[in-house]
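For reference, the structure discussed in these notes is given below.
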Amino acid sequence: MKMKRRPVDPEGRMPLMDHLRELRNRLIKAMLGLAVGTGVGWLFFNPIWRFVTEPFTRIPPEHCINHKCDLVVHGIFDGFFIHMKVALLAGAVISSPVWLYQLWAFVAPGLYRREKRWTYTFIVAAVPLFVAGAALAYVTMDKGLKILIGLAPGSSTVLVGVESYLGYAQAMLLIFGLAFELPLFVVILNMAGVLPHSAIRRFRRMMIFGIFVFAAVATPSQDPFTMLALAIPTVVLFEVAEVLAYLNDRRRASAPDPYEGLSDDEAAPLDLDRIDAELEGGGRGRNR
């Protein structure tokens, strides 16, 4: 006896239990991808570890034992936990196409065509911006370490634990990567009509000042060099975002107004073909 398939709702609606089952399936696939990526990160731990710790090896050795700077492992089980943490971080990066796709596949069926276009733009721009921010953090990490370790008294020896260094490196890479995403949010909000260029221009100085305050507070080392290394590129990206917002508002202002010439009691024209196309393109159900 054949089971009847549930009819697909043209507006993309589905029962709550179906949403929960869909979420469960997406999470399982994302976790399997993360597990495979973690296994790869564990197998290639040594080259990954050399890459992560290279900024530490570039600091001056004056305050290190026998003029050789090495990271210190404090506990018996720290070696295992360090392997797990590095493997998980590498696995999250390696499996990012899998879990990003699962996230997109769960959200996309409920979006209209225009919203999908904005999301595509966001993803295409967000990944290179985050990578650029993380690369800048990697390049500048040794400068911040030199400043911090150089503040130690001349008669002291600096012993840096592996956990402490990993926390510093993770914070630097994450904060720089996320800071480079801030101008992208400005552009997305402007495209959505929430943040017009006139508001950006009015509060421009306050926004730039806020970027410098964020850079001073968010950087783990909080030294002037690292703060400027984060703030100046972010301000440049913000200026680019402002120009894009200006061009978008100009284009929007030059577009014909569909409501021009209508009296107060006259019905506005509806583009039914466009509405049907958006419903057909973005309102498909998730039923399989």
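In region 82-136, what residues are more than 18 Å from the chain's Cα centre (by Cα), open to solvent by 40 Å² or more (accessible area, probe 1.4 Å) and under 24 Å from Phe44 (Cβ atoms)?
Scanning region 82-136 gives His83, Met84, Lys85.
Only residues that are touching a residue at least 60 places away in the same chain (Cβ under 8 Å), crowded, with 18+ Cβ neighbours inside 10 Å and of a type in the set (A, V, I, L, M, F, W, C): list them for region 216-229, please.
Matches in region 216-229: Ala229 only.
Go through region 185-215 and report how many residues are surrounded by 14 or more Cβ atoms within 10 Å (Cβ to Cβ) and under 13 Å from Thr234 (Cα atoms).
7
Collect the residues in region 121-150 that are touching a Pro at 6+ places or on another chain (Cβ under 6 Å) and aliphatic (A, V, I, L, M), keeping them in residue-number order.
Scanning region 121-150 gives a single hit, Met141.
Conditions: (1) at pLDDT 90 or above; (2) of a type outside the set (A, V, I, L, M, F, W, C); (3) closer than 22 Å to Val139 by Cα; (4) open to solvent by less than 40 Å² (accessible area, probe 1.4 Å). Pro55 meets all but one. Number of the miss?
With (1) at pLDDT 90 or above; (2) of a type outside the set (A, V, I, L, M, F, W, C); (3) closer than 22 Å to Val139 by Cα; (4) open to solvent by less than 40 Å² (accessible area, probe 1.4 Å) applied to Pro55, the lone miss is (1).
Of the numbered conditions (1) at pLDDT below 85; (2) closer than 30 Å to Asp78 by Cα, Leu174 satisfies every one except a single condition; which is it?
Going through the list (1) at pLDDT below 85; (2) closer than 30 Å to Asp78 by Cα, Leu174 breaks only (1).
Of the residues that make up region 84-104, is at least one part of a helix (DSSP H, G or I), at pLDDT below 75, closer than 24 Å to Met31 by Cβ and out of contact with any Leu (no Cβ under 8 Å at 6 or more places or on another chain)?
Checked region 84-104: no residue is part of a helix (DSSP H, G or I), at pLDDT below 75, closer than 24 Å to Met31 by Cβ and out of contact with any Leu (no Cβ under 8 Å at 6 or more places or on another chain).
The values are calculated or read from the model by the stated rules, or taken from the named source; none is laboratory data. Quantities reported herein were computed from a predicted structural model and do not represent experimental measurements. Quick reminder, even Gly has a Cβ in these numbers, built from the backbone with ideal geometry, and neighbours come from all protein chains shown. When the accessible area is computed, the model is the full protein with side chains, heavy atoms only, and any ligands, DNA or RNA have been set aside. Shrake-Rupley method; radii C 1.70, N 1.55, O 1.52, S 1.80 Å.
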